[in-house]
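Chemist: Structure in structure tokens, see below.
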Amino acid sequence: MEINVVENVLKLNDEIAQLNRSMLRDAGTACLNLMGSPGSGKTLLLEKTLSALRDEMRIGVITGDLTTTRDATRLAAHCEHVSQINTGKGCHLDANQVRQGMATMPLDELDLLIIENVGNLICPIGFDLGQTVKVGLFSVPEGDDKPAKHPYVVLEAGVLLLNKMDLLPYVPFDMDLFLADIRAIREDVPIMKISAASGDGLDGWFNWVKRLVGSEVGELLET
Amino acid sequence: MHEMSIATALLEQVQALLPEAATLTEVRIDIGSLEHLDSELMRFAWAALVESEPAVKGSALTITRIATRIRCKTCGHAYEPEDAYTMLCPQCGAAHPEVLAGSGIVLKGLTVEQPTQA
Ligand SMILES: Nc1nc2c(ncn2[C@@H]2O[C@H](COP(=O)(O)OP(=O)(O)O)[C@@H](O)[C@H]2O)c(=O)[nH]1
Ligand SMILES: [Mg+2]
Ligand SMILES: [Zn+2]
Ligand SMILES: [Zn+2]
């Protein structure tokens, strides 16, 4: 006997993501889902972001790693509301884990929730968490070919960051190719060159975050 | 990379749809070509998962890859890009894609065997 169905395999995840999205909307909290390879500088970028914006907005962070609470410890130095999720063998965060992280936070008091996804440019892309916007982080030492090899993140991100610009003189990296590859996938996605270590370019990023938080959250929500 | 977690979600979904006392012989899914999922690894993960569940043991996983289909937000032209890393519109040259098809994983159907009536 044949049974025909048309049902998203990640239906459960998507349903929970929609719940997260409506909780965030009700609380008036914008939400970033930060994705990048291991070591691309996600945690350092967040440390810098938290300390620069602490007087302007209230931020909570959910950080995912396979194991350890090291990132949470680093982030807790700059922020009161940090939740570490250990995924064990899981290569991405799912909506339910984020939901559990959200439950530990006073969402109503937060202007912004940042999710540091598990270091990985592949698996996290397919999992909706309920975020307002996805942020894709590349870094110079990973090489100039990463956007072409990871087109899905380029397609989905609201902004792309290229970190570790301070290392550009020391590693082979064809900037024209990097930019052209992105522009062959998305001509309109903003690209920011930054160095989380030196601080170069971070003002543009902070302004982008401030604009996100200042805008009507509902307007920017992904559906 | 996350074939096992996708296969696990699929198994839960299938078990919820399986009629009482029926056994599963085949599951059909569509995988968008933009998804970073390997068909061979998906089948391998499925085979490993169903091994210990009598109602689904030995069932086949049939995968259809769905081509990426884009609508150009600049000129409206719909096209299938040859590769995911270039979305350039063949009509106007813009890279301003709206993904019409090619993302997501969808359960399309099951084939089951009902026990013969006594
Ligand atoms: N030179 C340089 N190093 C950086 C930069 N950003 C991060 N790092 C270093 O890269 C390593 C990985 O950073 P981390 O924030 O832990 O990356 P994550 O795994 O993506 O969270 C650390 O040693 C950071 O100090 C940068 O802009 N320039
Ligand atoms: Mg980190
Ligand atoms: Zn994975
Ligand atoms: Zn066009």
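The values are calculated or read from the model by the stated rules, or taken from the named source; none is laboratory data. On a predicted model such as this, the values are computed, not experimentally measured, just so you know. When we count neighbours, we look across all protein chains shown, and the Cβ atoms used for this are built from the backbone with ideal geometry, even at glycine. To get the accessible areas, we keep the full protein, side chains included, count just its heavy atoms, and leave off ligands, DNA and RNA. Shrake-Rupley method; radii C 1.70, N 1.55, O 1.52, S 1.80 Å.
Chemist: Take residues that are within 14 Å of chain B (Cβ to nearest Cβ), in contact with a helix residue (DSSP H, G or I) (Cβ under 9 Å, 6 or more places away or on another chain) and open to solvent by less than 30 Å² (accessible area, probe 1.4 Å) and tell me which of the helices (runs of 4 or more DSSP H) falling wholly in the range A:160-220 contain 2 or more.
Modeler: Correct list: A:175-183.
Chemist: Which of the residues spanning the range A:32-60 are in a helix (DSSP H, G or I) and open to solvent by 20 Å² or more (accessible area, probe 1.4 Å)?
Modeler: A:Leu44, A:Glu47, A:Lys48, A:Ser51, A:Ala52
Chemist: Would you call A:Asp71 within 23 Å of B:Leu37 (Cα to Cα), buried (at least 19 other Cβ atoms within 10 Å of the Cβ), among the acidic types (Asp, Glu) and under 15 Å from the mean Cα position of the chain (by Cα)?
Modeler: Taking the combined requirement at face value, the residue does not satisfy it.
Chemist: Given (1) modelled with pLDDT under 95; (2) more than 9 Å from every other protein chain (Cβ to nearest Cβ); (3) outside any loop (DSSP other than H, G, I, E, B), identify the lone condition not met by B:Ile6.
Modeler: Looking at each condition in turn, B:Ile6 falls short on (2).
Chemist: Quick one: count up the residues across the range B:58-86 that are open to solvent by 30 Å² or more (accessible area, probe 1.4 Å), hydrophobic (A, V, I, L, M, F, W, C) and over 24 Å from B:Leu107 (Cβ atoms).
Modeler: Total meeting the criteria: 2.
Chemist: Here's another thing I want to ask about it. Given the conditions (1) facing another protein chain (nearest Cβ under 9 Å); (2) among the charged types (D, E, K, R); (3) more than 20 Å from A:Gly90 (Cβ to Cβ), report the number of the one that B:Glu12 does not fulfil.
Modeler: Evaluating B:Glu12 over (1) facing another protein chain (nearest Cβ under 9 Å); (2) among the charged types (D, E, K, R); (3) more than 20 Å from A:Gly90 (Cβ to Cβ) leaves (3) as the failure.
Chemist: Which members of the range A:92-120 meet the condition of being within 16 Å of ligand 3 (Cβ to nearest atom) and either open to solvent by 20 Å² or more (accessible area, probe 1.4 Å) or farther than 29 Å from B:Glu35 by Cβ (or both)?
Modeler: Within the range A:92-120, A:Asp94, A:Gln97, A:Gly119 meet the criteria.
Chemist: Scan the range A:33-67 for residues that are within 9 Å of ligand 1 (Cβ to nearest atom) and within 14 Å of chain B (Cβ to nearest Cβ) and jot them down.
Modeler: A:Ser37, A:Pro38
Chemist: Can you confirm whether the range A:16-31 contains a residue that is part of a loop (DSSP other than H, G, I, E, B) and within 14 Å of chain B (Cβ to nearest Cβ)?
Modeler: no
Chemist: Further, regarding this structure: Can you pull out every residue in the range A:121-149 that is within 10 Å of chain B (Cβ to nearest Cβ), within 15 Å of ligand 1 (Cβ to nearest atom) and either open to solvent by 10 Å² or more (accessible area, probe 1.4 Å) or under 16 Å from B:Tyr85 (Cα atoms) (or both)?
Modeler: Residues satisfying the conditions are A:Leu121, A:Ile122.
Chemist: Restricting attention to strands (runs of 3 or more DSSP E) lying wholly within the range B:15-118, give those where 1 or more residues are small (Gly, Ala, Ser) and at the interface with chain A (Cβ under 10 Å from one of its Cβ atoms).
Modeler: The qualifying strands (runs of 3 or more DSSP E) are B:23-32, B:105-113.
Chemist: Consider A:Leu155 carefully, then state whether it is under 26 Å from A:Asp181 (Cα atoms) and either within 14 Å of another protein chain (Cβ to nearest Cβ) or not in a helix (DSSP H, G or I) (or both).
Modeler: Values: under 26 Å from A:Asp181 (Cα atoms): yes; either within 14 Å of another protein chain (Cβ to nearest Cβ) or not in a helix (DSSP H, G or I) (or both): yes.
Yes, satisfied.
Chemist: Somewhere in the range A:172-195, is a residue under 18 Å from A:Thr43 (Cβ atoms) and either within 16 Å of ligand 3 (Cβ to nearest atom) or touching a residue at least 40 places away in the same chain (Cβ under 8 Å) (or both)?
Modeler: The answer is yes; a qualifying residue exists.
Chemist: Would you check if A:Thr73 is in a loop (DSSP other than H, G, I, E, B) and of a type in the set (Val, Ile, Thr)?
Modeler: no
Chemist: Those residues that are in contact (Cβ under 8 Å) with a residue 24 or more places away in the chain and in contact with a Gly (Cβ under 8 Å, 6 or more places away or on another chain), I need them from the range A:65-89; list them, please.
Modeler: Start the filter on the range A:65-89 by keeping residues that are in contact (Cβ under 8 Å) with a residue 24 or more places away in the chain, which leaves A:65-66, A:71, A:74-75, A:77-79, A:81, A:87.
Matches in the range A:65-89: A:Asp65, A:Leu66, A:Cys79, A:His81, A:Thr87.
Chemist: Now for a separate question. Inside the range B:4-19, can you point out the residues that are open to solvent by less than 60 Å² (accessible area, probe 1.4 Å) and touching a helix residue (DSSP H, G or I) at 6+ places or on another chain (Cβ under 6 Å)?
Modeler: If the condition is that a residue be open to solvent by less than 60 Å² (accessible area, probe 1.4 Å) and touching a helix residue (DSSP H, G or I) at 6+ places or on another chain (Cβ under 6 Å), then B:Ala7, B:Leu11 are the ones that fit.
Chemist: Being among the hydrophobic types (A, V, I, L, M, F, W, C) and either open to solvent by 20 Å² or more (accessible area, probe 1.4 Å) or not in a loop (DSSP other than H, G, I, E, B) (or both) is the filter here, so list the residues in the range A:76-90 that pass it.
Modeler: A:Ala76, A:Ala77, A:Val82, A:Ile85
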